[in-house]
Amino acid sequence: MKVTDDYKAKLRLWATNQTVVALPPPPLLPRFPARKFQTHAEMNAWKKALLRQLAHEGPAHG
């Protein structure tokens, strides 16, 4: 039987040739105090602004 015909060949290949890949560091989140919002729309607007700020600063900033 050819390896191309064997559906489990890829799994066996991965199991015999295991590699450990390090995860990238998590993004550094700024500290922000607990907040209460009147509506979900207000919370989503705050969250969107925070995500835009984090995307603008990049992964190396905190």
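Key figures
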quantity: Residue match in the range 2-21 (condition: in a loop (DSSP other than H, G, I, E, B), open to solvent by 100 Å² or more (accessible area, probe 1.4 Å) and at pLDDT 90 or above); calculated: no
quantity: Hey, P59 assigned to a loop (DSSP other than H, G, I, E, B), modelled with pLDDT under 90 and open to solvent by 90 Å² or more (accessible area, probe 1.4 Å) or not; calculated: yes
quantity: Residue selected from the range 22-54 under the condition part of a loop (DSSP other than H, G, I, E, B) and surrounded by 10 or more Cβ atoms within 10 Å (Cβ to Cβ), by the criterion modelled with the lowest pLDDT; calculated: P27
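The values are calculated or read from the model by the stated rules, or taken from the named source; none is laboratory data. Note that the structure is a prediction, hence the values are computed from the model and not measured. Ideal geometry is used to build each Cβ from the backbone, glycine not excepted, and the neighbour counts take in all protein chains shown. Only protein heavy atoms, including side chains, enter the accessible area calculation; ligands, DNA and RNA are left aside. Shrake-Rupley method; radii C 1.70, N 1.55, O 1.52, S 1.80 Å.
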